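Undergrad: Pasting a structure below so you can have a look.
The values are calculated or read from the model by the stated rules, or taken from the named source; none is laboratory data. Everything numeric in this text was worked out from a predicted model, so none of it was measured. Cβ placement follows ideal geometry from the backbone for every residue including glycine, while neighbour counts extend to all protein chains displayed. For the accessible areas, the whole protein counts, side chains as well, though only heavy atoms, and no ligand, DNA or RNA atoms are used. Shrake-Rupley method; radii C 1.70, N 1.55, O 1.52, S 1.80 Å.
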Amino acid sequence: MNRKTKSKIEVSLIYLFLGFMFIIIAYPLLWTIGLSLNPGTSLYSASMIPENWSLAHYKWLFTSPQSDYVLWYKNSILVAVANAFFSVLVTSFVAYAFSRYRFRGRTYGLYAFLLLQMFPALMAMVAIYIMLNMIKLDDTLVGLTLIYIGGQIPFNAWLVKGYFDTIPKELDEAARMDGAGHFGVFFKIMLPLAKPILAVVALFNFMAPFTDFLLPRIILRSPENFTLALGLFNFINDQFANNFTRFAAGSILIAIPIALMFLFLQRYLIAGLTAGGTKG
């Protein structure tokens with residue numbers, strides 16, 4: 001078998017794999033979109049391509065007095081924005097300290113971050129609930145946000161620290177020769193050059209409140225504090241509930257803020273890859 005034939009076979013296998021993965025991803029997505037456009041409410045009588053499609057379920061989510069979808073949407077956006085902002089801020093400070101400074105306990109701190117990532121979050125649910133109850137933040141969006149921020153520090157700190165380590169320390173020294181202090185180096189040198197990895201951290205932490213169900217289920221009890229994942233679950237969790245089409249419509253709309261956040265951060269990702277550096 002010559003090299004040209006071998007190359008064609010490899011390319012064909014790659015395209016077949018990509019096509020197979022596209023079908024796996026697209027099929028449930030198309031079913032969800034089709035389900036949200038079916039005029040009925042039953043899952044079994046719905047079809048992927050409805051003959052008489054309708055936007056009645058989307059209208060019901062936003063206009064029906066029985067629906068708290070707008071409130072859940074607002075709660076999710078508030079938690080997502082706060083989680084993304086403070087996670088980036090806190091993680092950046094932690095990663096900067098571990099990347100640029102040498103202090104007692106630094107190595108053990110990094111090992112602790114690594115070990116914390118090995119345990120599933122489910123193991124800490126009881127302790128989290130007790131802690132929030134002690135400080136009177138259970139059943140609040142503030143308590144949920146604090147748990148999201150703190151829970152992501154070990155993974156995000158490792159991620160950002162690895163990126164900070166790739167930034168030459170000569171830039172820090174040059175900035176300090178020009179009179180910059182610790183915060184000057186951090187905000188004027190490190191953060192602008194680390195925009196790609198900070199954009200990834202912001203996106204992941206922004207997505208978490210929209211897709212996570214388990215943590216809000218344990219912390220939140222009042223319907224007015226529900227996030228989207230928890231609120232939509234109530235459409236189908238009851239024995240006699242049959243709102244699968246409304247559930248599908250609400251699920252589709254979750255993608256809108258995530259897509260907008262991705263488009264917003266994509267610009268900073270490209271800017272971070274091309275801006276900054278040294279001239280030689």
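Undergrad: Looking for something within 22 Å of F213 (Cα to Cα) and under 20 Å from the mean Cα position of the chain (by Cα) - is there at least one such residue anywhere in the range 55-62?
TA: Looking for residues that are within 22 Å of F213 (Cα to Cα) and under 20 Å from the mean Cα position of the chain (by Cα), one finds none in the range 55-62, hence no.
Undergrad: Out of the residues in the range 150-163 meeting the condition of being open to solvent by 20 Å² or more (accessible area, probe 1.4 Å) and of a type in the set (A, V, I, L, M, F, W, C), tell me which one is farthest from the chain's Cα centre (by Cα).
TA: At the first step, the residues of the range 150-163 found to be open to solvent by 20 Å² or more (accessible area, probe 1.4 Å) are 150-153, 155, 158-159, 161-163.
Imposing the further condition that a residue be of a type in the set (A, V, I, L, M, F, W, C) reduces the set to 153, 155, 158-159.
Details: I153: 14, F155: 13, W158: 17, L159: 15 Å.
For the range 150-163, the residue satisfying everything is W158.
Undergrad: If you don't mind, another one. Give me the pairs: first residue in the range 194-209 and under 15 Å from I77 (Cβ atoms), second residue open to solvent by 10 Å² or more (accessible area, probe 1.4 Å) and among the polar types (S, T, N, Q), beta-carbon distance under 9 Å, and six or more apart or on different chains, which are they?
TA: N205/Q152; A208/Q152; P209/T145
Undergrad: While we're on this one: Looking only at the range 164-187, how many residues end up being in contact (Cβ under 8 Å) with a residue 40 or more places away in the chain and either open to solvent by 70 Å² or more (accessible area, probe 1.4 Å) or in contact with a Ser or Thr (Cβ under 6 Å, 6 or more places away or on another chain) (or both)?
TA: Here the count works out to 4.
Undergrad: Among the numbered criteria (1) modelled with pLDDT of 80 or more; (2) of a type outside the set (F, W, Y); (3) part of a helix (DSSP H, G or I); (4) loosely packed, with under 10 Cβ neighbours inside 10 Å, which one does K4 miss?
TA: So K4 meets the others, but not (1).
Undergrad: So, one more: Could you look through the range 86-117, keep only residues that are under 24 Å from E173 (Cα atoms), of a type in the set (S, T, Y) and in contact with a helix residue (DSSP H, G or I) (Cβ under 8 Å, 6 or more places away or on another chain), and pick out the one that is surrounded by the most Cβ atoms within 10 Å (Cβ to Cβ)?
TA: Checked the range 86-117; the qualifying residue surrounded by the most Cβ atoms within 10 Å (Cβ to Cβ) is T91.
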